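To start, the structure under review is shown below, and the notes come after it.
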Amino acid sequence: MITFPHRHLLGIKGLTEQDITLLLDRADEAVKISRQREKKTSTLRGLTQINLFFEASTRTQSSFELAGKRLGADVMNMSVGNSSVKKGETLIDTAMTLNAMHPDVLVVRHSSAGAAALLAQKVSCSVVNAGDGQHEHPTQALLDALTIRRARGTLARIIVAICGDVLHSRVARSNILLLNQMGARVRVVAPATLLPAGIEQMGVEVYHSMAEGLKDADVVMMLRLQRERMAGSFVPSVREYFHYYGLDAEKLKAAKEDALVMHPGPMNRGVEIASDIADGPQSVIEQQVEMGVAVRMAVMETLLLSQGLSQNQGPRP
Ligand code: NCD
């Protein structure tokens with residue numbers, strides 16, 4: 001029996017260093033399973049996982065789906081368009097309908113911050129936040145951490161530069177919380193218009209120049225320019241943005257020679273990252289995708305096992 005004192009995963013906030021380490025250790029095991037020919041286990045056999053996505057997503061939804069299937073759960077995907085009116089009502093109504101079907105875990109993505117936490121109060125199963133507005137995306141931060149830890153051996157004291165559209169990014173928020181909790185040194189590099197007010201209070205060093213922000217960094221984490229979330233004009237032009245903030249070979253030279261290049265996807269090639277860098281030898285973008293499935297297996301297994309809900313309570317063979 002494993003002890004994980006949380007029924008839901010709503011964010012990185014509230015997780016201790018031990019909680020995070022436990023999830024990453026389990027994810028390391030899940031990587032091994034995903035690399036075998038036989039990838040299906042019976043850990044969550046008989047349990048039902050519903051993916052409730054109010055926002056379009058290919059990679060996150062398929063990653064959660066594969067994770068559930070590899071654990072032996074029955075997985076159902078519900079993609080619901082965001083209705084512009086009565087959003088709160090629609091969200092809760094849909095969740096209550098699904099709840100009546102006795103799912104064991106609900107994976108939720110929604111464009112409003114706090115949507116997953118709201119659902120967690122209403123339904124009787126575990127809830128995993130797969131991204132809520134500009135708030136959190138905890139499994140992304142965990143998969144990023146796993147990718148870094150496997151490459152560097154530790155998260156303590158490494159320098160991570162998170163670059164670009166921090167303002168609209170739940171990925172950045174969750175990563176800042178996690179990396180700080182694990183003792184890494186976090187920098188954000190962005191124009192002032194793409195940084196939230198008071199970001200320094202999250203325990204990051206702020207830079208407006210890539211040359212300074214990337215200096216001696218172990219990890220360069222690029223963020224997508226989230227144009228769909230931009231109402232006004234945050235950047236003068238995409239060309240200018242790339243000139244100052246797009247990661248290319250020249251800017252990458254400032255970081256450590258073997259610095260990892262990361263991106264949560266989907267990428268805007270030629271906007272925040274040059275194509276040759278995205279596909280280059282320092283890029284671990286594909287590893288991030290692989291780690292995504294493993295981390296989601298670890299999260300769902302841990303949440304459900306710690307409630308004594310699985311078939312096999314013992315350690316996996
Ligand atoms: C991220 C998200 O949705 O927040 N993408 C993802 O999870 N695949 C980052 C992004 O959209 O830029």
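The values are calculated or read from the model by the stated rules, or taken from the named source; none is laboratory data. Not measured: the values here are computed from a predicted model. Counting neighbours? That spans all protein chains shown, and the Cβs are built from the backbone with ideal geometry, glycine included.
Only one residue in Ile158, Ile176 is assigned by the TED database to the domain that holds Ala255, over 24 Å from Ala249 (Cα atoms) and among the aliphatic types (A, V, I, L, M). Which one? Even if it seems obvious, please write down each step before you answer.
Working: Ile158 fails: over 24 Å from Ala249 (Cα atoms).
One residue alone meets the criteria, Ile176.
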Residue among Ala113, Ala120, Ala145, Ala141 that alone is at pLDDT 95 or above, more than 16 Å from the ligand (Cβ to nearest atom) and among the aliphatic types (A, V, I, L, M): Ala120
Within the stretch 51-88, the residues that are at pLDDT 90 or above, more than 16 Å from the ligand (Cβ to nearest atom) and not in a loop (DSSP other than H, G, I, E, B) are Gly68, Lys69, Arg70, Asp74, Val75, Met76
